[in-house]
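Structure first, then comments.
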Amino acid sequence: MERDPVEAARAYLEGLARLHTGDAEPDAVDWLLRRSPPIRLAAGEEAIRQGEPAEDALLVVDGRLVVLVRPESAGATPEASARIVGEVGPWDVIGEAALFATGARRSATVRALRPSTLLPLRRADLLEGTRNPVVAAIEFHLVHALAWRIRATNRSLVEARAAGGQP
C-alpha cells in the first residue's frame, strides 16, 4: 500500500528537522508543504532532464531513481548515448545546483525506477524561510550532501589515478 505523498513528505521533513536541529514544529513543516507540495512519480517517469533549465532541487522522500548523463557532443542522441552514473533514494538530494547557480541547466536526467515521492525546493524557499527550523535543517542537509559528493568524487579520482587511468 502506497503512503500518501503529503504524509510521507511530512514524516521526511520532521525526521530531517529532528536530525539536524532537534526541532520539528508542525507549523514550520506545514509552511514548506504549502509552498512546495510533494510530487509523485510513476516508474519510468523523469524527475529532471539533462539540458533543461534548473529551477529547483528535489529531496527524495521515498522510492528509487537512476541518474543518467549523456555526452555533450553534437551528434549524441539523448537515449542511445546516456550513461548510468548512479542511483538515488530516500534522503538524497537531486538538482541542488539550481539553488545556487541561477540560470543553470540540468547536468543529468533522473528517472524513477519505481514509484517515488519527491519534495521540490526552490531558492525562494531558502531565502524566505530563514527563520524556519525545517528550512535550516534542509540547508544543513544540503551542505552535508554536497560534502559527501565531493568526498566520493575525490575518492573516485584517486582510485582512477592509482589504476593508471585518467580521471
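The rows are residues; the columns are (1) in contact (Cβ under 8 Å) with a residue 40 or more places away in the chain; (2) aliphatic (A, V, I, L, M).
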site: 56; (1), (2): yes, no
site: 66; (1), (2): yes, yes
site: 83; (1), (2): no, no
site: 110; (1), (2): yes, yes
site: 113; (1), (2): yes, yes
site: 127; (1), (2): no, yes
site: 137; (1), (2): yes, yes
site: 143; (1), (2): no, yes
site: 153; (1), (2): no, no
Fill in the blank from the handout: Going through the stretch 1-29 in order, the residues found to be within 18 Å of residue 131 (Cβ to Cβ) and not charged (D, E, K, R) are 13, 16, 17, 20, 21, 22, 24, 26, 28, 29
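Residues checked against (1) under 19 Å from residue 148 (Cα atoms); (2) among the polar types (S, T, N, Q); (3) surrounded by 15 or more Cβ atoms within 10 Å (Cβ to Cβ):
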site: 20; (1), (2), (3): yes, no, yes
site: 30; (1), (2), (3): no, no, no
site: 36; (1), (2), (3): no, yes, yes
site: 42; (1), (2), (3): no, no, no
site: 50; (1), (2), (3): no, yes, yes
site: 62; (1), (2), (3): no, no, yes
site: 65; (1), (2), (3): yes, no, yes
site: 84; (1), (2), (3): no, no, no
site: 125; (1), (2), (3): no, no, yes
Completion exercise
Condition set more than 10 Å from the chain's Cα centre (by Cα) and aliphatic (A, V, I, L, M), scope the stretch 99-112, selection nearest to residue 129 (Cα to Cα): answer is 99
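Can we say residue 24 is assigned to a helix (DSSP H, G or I) and among the hydrophobic types (A, V, I, L, M, F, W, C)? Give the steps one after another, and end with the answer.
Values: assigned to a helix (DSSP H, G or I): no; among the hydrophobic types (A, V, I, L, M, F, W, C): yes.
Considered against the rule, which asks whether it is assigned to a helix (DSSP H, G or I) and among the hydrophobic types (A, V, I, L, M, F, W, C), residue 24 comes out as no.
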Exercise for the section: Return the residue satisfying two criteria in turn: it lies in the stretch 93-102 and is of a type in the set (A, V, I, L, M, F, W, C) and in a helix (DSSP H, G or I), and of such residues it is surrounded by the fewest Cβ atoms within 10 Å (Cβ to Cβ). Expected result: 97
Completion exercise
If we keep only residues of the stretch 123-142 that are small (Gly, Ala, Ser) and assigned to a helix (DSSP H, G or I), then the residue nearest to residue 20 (Cα to Cα) is 137
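Please work out if residue 145 is of a type in the set (Gly, Ala, Ser), assigned to a helix (DSSP H, G or I), over 15 Å from the mean Cα position of the chain (by Cα) and farther than 15 Å from residue 29 by Cβ. Before you say what the answer is, go through the steps one by one.
On the way: of a type in the set (Gly, Ala, Ser): yes; assigned to a helix (DSSP H, G or I): yes; over 15 Å from the mean Cα position of the chain (by Cα): no; farther than 15 Å from residue 29 by Cβ: yes.
Spelling it out, it is not the case that residue 145 is of a type in the set (Gly, Ala, Ser), assigned to a helix (DSSP H, G or I), over 15 Å from the mean Cα position of the chain (by Cα) and farther than 15 Å from residue 29 by Cβ.
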Practice task
Please work out if residue 11 is over 15 Å from the mean Cα position of the chain (by Cα), without any contact (Cβ under 8 Å) to a residue 60 or more places away in the chain, over 17 Å from residue 137 (Cβ atoms) and surrounded by 13 or more Cβ atoms within 10 Å (Cβ to Cβ).
Solution key: no
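Mind telling me which of the residues 135, 143 ends up being among the aliphatic types (A, V, I, L, M) and exposed (fewer than 14 other Cβ atoms within 10 Å of the Cβ)? Break it down stepwise before answering.
On the way: 135 fails: exposed (fewer than 14 other Cβ atoms within 10 Å of the Cβ).
Testing whether each residue is among the aliphatic types (A, V, I, L, M) and exposed (fewer than 14 other Cβ atoms within 10 Å of the Cβ) leaves just 143.
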Problem - Residue within the stretch 103-122 that is out of contact with any strand residue (DSSP E or B) (no Cβ under 6 Å at 6 or more places or on another chain), surrounded by 12 or more Cβ atoms within 10 Å (Cβ to Cβ) and under 30 Å from residue 18 (Cα atoms) present - result: yes
Fill in the blank from the handout: Residue pairs qualifying under the 7 Å Cβ cut-off, at least six apart or on distinct chains, with the first in the stretch 94-105 being within 16 Å of residue 39 (Cβ to Cβ) and the second being part of a loop (DSSP other than H, G, I, E, B), are 95/54; 95/106; 98/54; 98/55; 98/104
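None of the figures in this text is laboratory data; all of them are computed from the coordinates on show. If you're wondering where the values come from, they're calculated on a predicted model, not measured in any experiment. With ideal geometry, Cβ positions are generated from the backbone for all residues, glycine too; neighbour counts draw on all protein chains shown.
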